[in-house]
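Shown next, in structure tokens, is the structure this report addresses.
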Amino acid sequence: GEHLPICYTSSRDLAILYANSRVVLTEGVFDRIAFKRCFPDLPVIARLSKGVGTSLRKFIERYAKIVFLAFDRDIAGEQGTNKSAAILQVDSVIRVSFAAKDLAQFVESRGISAARRFLLPQIESVL
């Protein structure tokens, strides 16, 4: 079988990634769950480490053409977003913005429908 990097996702999300060549990266599991609640048909990987890391980068570059970076809006998250955007060799890297410290907090405070309306234009632009 294939060796996956340290991350959290599902077999369904991997199947969607393999079929559609796009993926969302979040910082943690709660952010992954929040994004999946808004967009159940987009594959989401929680990176579970600082930065993308070599094995996750290679995995993503092998299967994805479009990568959405939905990391926290704190210093570490911004650094991870900048580093990941600089090193990922894919067709398109989209920085997802949200008006909260992290995506889970954003969905919790705004609700799924409002969060989806806010995020949708950022995602639709390249799908």
Exercise. Can you give the FRET efficiency for D74 and Q122, using 1/(1 + (r/R0)^6), R0 = 25 Å, r = Cβ-Cβ distance, to the nearest 0.05?
Worked result: 0.80
For this session: Just need the relative contact order of the range 60-107 here, percent rounded to a whole number, with Cα pairs under 8 Å and 6+ apart.
Result: 47
Seminar exercise, completed: Heavy-atom accessible area per residue of the chain, all protein chains kept, 1.4 Å probe, expressed in Å², is 51
Seminar exercise, completed: So, relative contact order of the range 1-117 in percent, Cα under 8 Å, 6 or more apart, is 28
Exercise. Nearest-5 percent of antiparallel DSSP beta bridges in the range 1-109?
Worked result: 10
Exercise. Got a sec? Which residues in the range 62-102 would a label at S21 touch, if it sits 7 Å along Cα→Cβ and we count backbone N under 16 Å?
Worked result: 62-68, 89-94
Exercise. When you count, for each residue, the other Cβ atoms within 10 Å and take the mean per peptide, how do 68-80, 112-124, 21-33 rank with the highest first?
Worked result: 21-33, 68-80, 112-124
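Ignoring everything except DSSP H segments at least 4 long, calculate the 222 nm mean residue ellipticity for the chain; use -39,500 (n - 2.57) per segment, divide by total residues, nearest 500.
Values: 6 runs with 64 residues, N = 127.
For the chain, the value works out to -15000 deg cm²/dmol.
Relative contact order of the range 24-64: what whole-number percent is it, with Cα pairs under 8 angstrom and at least 6 residues apart? Kindly include the intermediate steps, with their values, before the conclusion.
Values: 32 pairs, mean separation 16.2, N = 41.
This gives 40 percent for the range 24-64.
Just the number, please: carbon plus sulfur as a percent of the accessible area of the chain, 1.4 Å probe, no ligands or DNA/RNA counted.
On the chain, the fraction of accessible area on carbon and sulfur atoms equals 52 percent.
Starting from the Cα gyration tensor of the range 26-82, take the square roots of the eigenvalues, sort them a ≥ b ≥ c, and report rounded, prolate or oblate (rounded when a/c is under 1.5, otherwise prolate if a/b is larger than b/c, else oblate). Don't skip to the end; give the middle numbers.
Working: a/c = 1.81, a/b = 1.05, b/c = 1.73.
It comes out oblate by the Cα gyration axes.
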Exercise. Residues with beta-carbon under 15 Å from that of I112, excluding I112: net charge, scoring Lys, Arg +1 and Asp, Glu -1?
Worked result: +3
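The values are calculated or read from the model by the stated rules, or taken from the named source; none is laboratory data. Because the structure is predicted, anything quoted here is derived from the model rather than measured. Every residue, glycine among them, receives a Cβ derived from its backbone with ideal geometry; neighbour counts consider all protein chains shown. Quick note on the areas: whole protein, heavy atoms, side chains included, nothing else; ligands and nucleic acids left out. Shrake-Rupley method; radii C 1.70, N 1.55, O 1.52, S 1.80 Å.
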